[in-house]
Amino acid sequence: SELIRGFLLSGMPCPSSCPPGLLALMAPGLALMATFSLPSQAGDRRALPVEKPPGVKGRTLILLDVNTKSPVRIISENFLSLQLDPSIIHDGWLDFLSILLLQGLSDVFVFIFPWEWGVYSSCLQFCRKANPSPRRSWALGDSSNDIVRSDIALDKQKGCKIAQHPDIMLELQREKAAQMHLVLLKEQFSNTYSNLTLTARSLDKLYNFADCSGLHLIFALNALRRNPNNSWNSSNALSLLKYSASKKYNISWELGNEPNNYRTLVGRSVNGSQLGKDYTQLRSLLQLIRTYSRAHLYGPNIGRPRKNVVAFLEGFMKVAGGTVDAVTWQHYYIDGRVAKVTDFLKTRLLDTLSDQIRKIQKVVNTYTPGKKIWLEGVGMTSAGGMNNLSDSYAAGFLWLNTLGLLASQGIDVVVRHSFLDHGHNHLVDQNFNPLPDYWLSLLYKRLIGPKVLAIHVAGLQRKPRPGRVIRDKLRIYAHCTSYHNHNYVRGSITLYIINLHRSRKKIKLAGTLRDKIVHQYLLQPYGKDGLHSKSVQLNGQPLAMVDDGTLPELKPRPLRAGRTLVIPPLTMSFYVVKNVNALACRYR
């Protein structure tokens, strides 16, 4: 059989390859990926007709081994992180949000709160008053508009208990949120935005919520408050910093969001070198405040690295490359207004992230070699996504491949947009029912550790016709199993596999993995909607909340030692290979 090189995916502390974009996905984790395309012998009905080698039947047995001696990457424990949209306060959702669902992800979770999401932060200002009412402004958390009028009872000193609200209140909240969404859409179309005022009470609510959920808050300050000479006006930010310090809030900071798009969004532009000076100014402010003298600072959170954006990043890195703790960028795969379910199965689309990562890493390594890179905003689709597509099982192929690819490429953290918002890129719906990508993320958190391992794959492969590119539809990544999972002893290995073929694939574990007991976690769509389904089943059992306060048990299916892994078509799966005693995985 012909040896196929495994394509290595690593993530996390990108030594000299850490770009701020979607690829980095704001999460410090490393992953290894073996990708390859199998011929008609492998069951691909559309493969070109060629003669089969003597004695070979229509299916190929894939041999898989993992290098267990040392990791190829080590990513952050917080590799898979999350954004919360400002609408959770703006629309009142924070009073209803489930702490339980976030706690399920909190062990390795960084809580990102982008106050300059879209153009929101361009209009955000902080006010200590409880109910500011300037003309044409939204007061985030203004109690006069809240469905829940009492302060949220969230405080670690008080046990972090949140009140239970009647169903009618949740229904009123949905109606309010829908009305607010229509107002925001109208502002978007008219390109005229109201001021957003964050009150001290709202900030208290937000911080206590994050603290009780076991999350770390990263707060994006308003970068569009400008002086006449176009330098950053930091007066309002200083007020917020002083208030947060007085409360001893443990917060990391960022300045702005997609600054390369300011001219398009609000008619004002800031170039990379000017933003670099603004970051230097912010760092000086932080150092003046004892609580934040050593606080982390991230940026510049640029958009897709096209030519003009790369030039923006270069200007920023020349001035402030040494000021930030990680370089950040964003990536969205598809225009949500025109997406189709078949788009999520295209390997060419899955591979677009690799090119962006290389561009970001090239710039970062030129100016600050070894600087960490985060993909701070990633979504399967832009423009809010599409119902039954970006919130369906099919979107999981892009999400899981993003995690594997970023880890293998050395991106330290990936931040998923979003936990809950108005669109269809979120992890839970407005009834707080987990969507397929939530369950996928939960399994990833429970099973995947920060050490990424190299994969070796052997099997029969068809030679492509001259000029034809064979893209990989079977993608395999390997990590040490999470140290936080006490069901598995240290030294165990977890594989995660994406099968985009329309036929099943068989994998035989070889080398150090041979004859080991394996636990299977197979995710498939549940119900008649197929790939459009918003529900999933784990090893044949549908996944759903037991009740409002209880996540279901994620039970594996044990496979006997030496058994061939059979990967169903169009599925995602995790396999924990137990008791490998891998040298790379014995110690943290």
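Here is how the numbers come out for the structure above:
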read-out: Distance between the range 396-448 and the range 286-345 - C-alpha centres, whole angstrom; value: 19
read-out: Under 10 Å, Cβ to Cβ, from residue 400 - net charge with Lys/Arg +1 and Asp/Glu -1; value: 0
read-out: Proximal charge balance of residue 546 [Cβ under 15 Å; K/R count +1, D/E count -1]; value: -2
read-out: Inter-probe distance in nm under a simple model that places probes 7 Å from Cα toward Cβ, at residue 351 and residue 263; value: 3.4
read-out: Amide H contacts of residue 505 (H built 1.01 Å from N, under 5 Å, at least 5 apart or other chain); value: 567
read-out: Integer Hz, Karplus 6.51/-1.76/1.60 couplings in order for the range 433-446, x for Gly and Pro; value: 8, x, 9, x, 5, 5, 5, 4, 5, 5, 4, 4, 4, 6
read-out: Distance (nanometres) between label positions extended 7 Å along Cα→Cβ at residue 431 and residue 483; value: 4.1
read-out: Added length on full extension, which subtracts the Cα-Cα distance from 0.36 nm per residue, residue 242 to residue 504; value: 88.5 nm
read-out: Positive-pole candidate from 575, 512, 539, dipole of the range 473-588, charges at beta carbon; value: 512
read-out: Under the Debye formula (equal points on every Cα, no solvent term), log10 I(q)/I(0) of the range 204-327 at q = 0.15, 0.18 Å⁻¹; value: -0.70, -0.96
read-out: Using a Förster distance of 22 Å, the FRET efficiency for residue 587-residue 563 (Cβ separation, nearest 0.05); value: 0.15
read-out: Shape box of the range 542-588 [Cα atoms, principal axes, largest first, Å]; value: 41, 33, 20
read-out: Estimated FRET transfer efficiency (residue 229, residue 388; beta-carbon r; R0 60 Å; 0.05); value: 0.75
read-out: Calculated from backbone phi, Karplus (6.51, -1.76, 1.60) coupling profile of the range 252-259 in Hz, x at Gly/Pro; value: 9, 9, 8, 10, x, 8, 6, x
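Only the coordinates and a few stated rules stand behind these numbers; no lab work does. The structure presented is a predicted model; accordingly, all values stated were derived computationally and were not measured. With ideal geometry, Cβ positions are generated from the backbone for all residues, glycine too; neighbour counts draw on all protein chains shown.
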